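The values are calculated or read from the model by the stated rules, or taken from the named source; none is laboratory data. This is a predicted model, so every value here is computed, not measured. Positions of Cβ are generated from backbone atoms using ideal geometry, with glycine treated the same way; all protein chains shown enter the neighbour counts. With ligands, DNA and RNA removed, areas are computed over all heavy atoms of the protein, side chains included. Shrake-Rupley method; radii C 1.70, N 1.55, O 1.52, S 1.80 Å.
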Amino acid sequence: TAGTCADSTATVSVTVNPVNDAPTIDVPGNTSTDEDMSVDITGMSVDDIDDQFATSPIDLSVSLSVNDGTLDLTTTAGLSFTAGGDGQAAMTFVGTINALNTAIATLTYTPDDDYNGTDVLSASVNDRGNVGGGPLSASGSLNITVVAQNDAPELDAPGPQTTIRDTSLTFSSVTGNSISVFDVDSDPDDLEIVLAVDEGILTLSTTSGLNFTSGSNGSSSMTFRGDQDAINAAFDGMVYTPAGGFFGSDSLSIDVD
């Protein structure tokens, strides 16, 4: 009627369907370490905005790999491995965001023995399609420079040897008393060998590829240089000849630099 206000109301239901957002991964900057030395990598983390609206924490999958070393996680608590394992070169594991971030908060990278150069740590996260629409992923990587270090050469020499007066003794792989050297750093650098006996002479099986800096082949002491293949060839068949009429204890000293 005139002078009376009237209205009508209605409620409209609106449904907002979830949309799967891609997870994110933060990877720290490049790092370095020395040959045969581990390094801790800190600052890696993952996230997924969908976790904020889920009724319970969602699980993500993380994959980590390196080419020339191994990786150790901070912890494996709350993780389920689907490939590889902790302490290996590659691994894939599933867990909540909190469990994952605790595990990758500090990664320990250990290069392979004697490796030097640049390795790559590859990391990825996958949401496994938690809210529908198919799984989405994100990835990142960092370079790890492994700085070469000078490794000490190795010398393999037999135990005490015996011969009789006026009789030579041969050091040979055939007789099982060979002498050999190895240096992982040697190629193409030369090694230096110093040989000496007190009561006799030494005769190398070959001098090919060797450069004498003191003494000579067939003398009581000598110093020479060469690559390890040439040196090992010279050692295999080297002959010790005691001084005429000598008997007693002599000493063969070998130094490799």
Query - Among 8, 95, 84 the positive-end extreme of the charge dipole of region 1-95 (Cβ point charges) - result: 8
Query - Cα centroid separation - region 211-227 against region 3-35, whole Å - result: 78 Å
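How much of the pair distance distribution for region 186-257 lies past 13 Å, counting alpha-carbon pairs only, in percent?
63 percent
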Query raised in the report: Counting only protein chains, not ligands or nucleic acids, how are 37, 238 ordered by accessible area (probe 1.4 Å), most first?
Result: 37, 238
Report task. Using R₀ = 45 Å, calculate the FRET efficiency as 1/(1 + (r/R₀)^6) where r is the Cβ-Cβ separation of residue 22 and residue 184; round to 0.05. Result -> 0.50
Requested in this report: Take every Cα pair under 8 Å in region 105-234 that's 6+ residues apart, average their separations, divide by the length, and report that relative contact order as a whole percent.
Outcome: 17 percent
Query raised in the report: How big is the convex hull of the Cα atoms of region 157-215, per residue, in Å³?
Result: 129 Å³
Query raised in the report: What are the semi-axes of the equivalent ellipsoid for region 1-108, taken as the square roots of 5 times the Cα gyration tensor eigenvalues, largest first, in whole Å?
Result: 50, 14, 10
**Report entry** Accessible carbon and sulfur surface of region 12-108 relative to its total accessible area, %, 1.4 Å
**Finding:** 48 percent
Query raised in the report: So who's got an amide H within less than 5 Å of the one on residue 215, skipping anything under 5 residues away but keeping other chains? H placed 1.01 Å off N, in plane.
Result: 223
Requested in this report: Report, to the nearest whole %, how much of the accessible area of region 125-228 belongs to carbon and sulfur atoms, 1.4 Å probe, protein only.
Outcome: 44 percent
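At 0.36 nm per residue, and after removing the present C-alpha to C-alpha distance, how many nm does the segment from residue 255 to residue 115 gain when stretched out fully?
Using 0.36 nm per residue and subtracting the Cα-Cα distance, I get 47.8 nm.
Can you tell me how much longer the chain between residue 98 and residue 4 gets when fully stretched, taken as 0.36 nm per residue apart minus their C-alpha distance, in nm with one decimal?
27.7 nm
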Report task. Averaging sequence separations of C-alpha pairs under 8 Å and six or more residues apart, then dividing by the length of the chain, give the relative contact order as a whole percent. Result -> 18 percent
Report summary line: The answer for region 1-96, accessible area per residue at 1.4 Å probe in Å², is 61 Å²
Report task. Stick to the Cα atoms of region 102-257, pair each with every other, and give me the Kirkwood hydrodynamic radius in Å at one decimal. Result -> 19.7 Å
Report summary line: Per residue, accessible area of region 166-257 with a 1.4 Å probe, heavy atoms of protein chains only, in Å², comes to 49 Å²
Report task. Starting from the Cα of residue 68, step 7 Å toward the Cβ, then list every residue of region 26-50 with an amide N under 19 Å from that point. Result -> 30-41
Query raised in the report: Which length gain, in nm to one decimal place, applies between residue 213 and residue 40 when the Cα-Cα distance is subtracted from 0.36 nm times their residue separation?
Result: 57.7 nm
Report task. Any chance you could get the radius of gyration and Dmax over the Cα atoms of region 9-51, in Å? Result -> 21.9, 76
Report summary line: GNM on the chain, Cα springs under 10 Å; top mean-square fluctuation among 180, 56, 65 goes to 56
Report task. Using Cα pairs closer than 8 Å and at least 6 residues apart in sequence, work out the relative contact order for region 115-175, in percent. Result -> 31 percent
Query raised in the report: residue 128 to residue 77: FRET efficiency via 1/(1 + (r/R0)^6), r the Cβ-Cβ distance, R0 25 Å, to the nearest 0.05?
Result: 0.80
